[in-house]
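Single-structure report; data block below.
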Amino acid sequence: MFICMDRNNIQSVRRIFGGDRDGKISMLMDYTHRPGDVSDPWYTGDFETAYRDIYEGCEGLLSLKFSRQ
């Protein structure tokens with residue numbers, strides 16, 4: 001699995017790998033109820049929102065991973 005934080009990361013990873021024929025590339029926020037980009041504190045200065053996004057994304061990813069076992 002290759003988990004990306006935003007659409008720019010997705011495009012870069014797909015370009016490096018020549019696509020995603022195996023469906024292994026996804027966005028972290030796709031594992032939450034709020035799909036989209038992780039808030040980028042570089043532009044917003046809002047580290048709390050970025051932390052919340054990453055935390056929720058990781059929780060969703062881990063709950064999915066362990067529910068399949």
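Listed values, structure above:
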| read-out | value |
| --- | --- |
| Formal net charge of residues neighbouring Arg7 (Cβ-Cβ distance under 12 Å; K, R +1; D, E -1) | -3 |
| Residue among Asp30, Asp53, Asp22 with the largest mean-square fluctuation in a Gaussian network model of the chain, springs linking Cα atoms under 10 Å | Asp22 |
| Values of log10 I(q)/I(0), in the order q = 0.12 Å⁻¹, for the chain under a Debye, Cα-only, solvent-free model | -0.34 |
| Point-charge dipole on Cβ atoms (K/R +1, D/E -1) for the range 1-63, about Cα centre, debye to 20 | 360 debye |
| Given the chain, longest segment not containing exposed loop trypsin sites (Lys or Arg not before Pro) (DSSP; at most 11 other Cβ within 10 Å) | 25-67 |
| Neighbourhood charge, 11 Å Cβ-Cβ cut-off, centred on Arg34 and excluding it, Lys, Arg +1 and Asp, Glu -1 | -3 |
| Options Thr32, Gln11, Thr44, ranked by Cα towards positive dipole end of the chain, top entry (Cβ charges) | Gln11 |
| Label-point separation in nm, Ile54 to Arg14, each point 7 Å along Cα→Cβ | 2.5 nm |
| Net charge of Cβ neighbours under 11 Å - reference Phe47; Lys, Arg +1; Asp, Glu -1 | -3 |
| Taking the chain and dividing mean pair separation by its residue count, relative contact order in percent (alpha carbons under 8 Å, at least six apart) | 28 percent |
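Here, each number is a calculation from the coordinates, and none is a lab measurement. Computed from a prediction, not measured in an experiment: that's the story for all the values here. Positions of Cβ are backbone-derived with ideal geometry, glycine not excepted, and every protein chain shown enters the neighbour counts.
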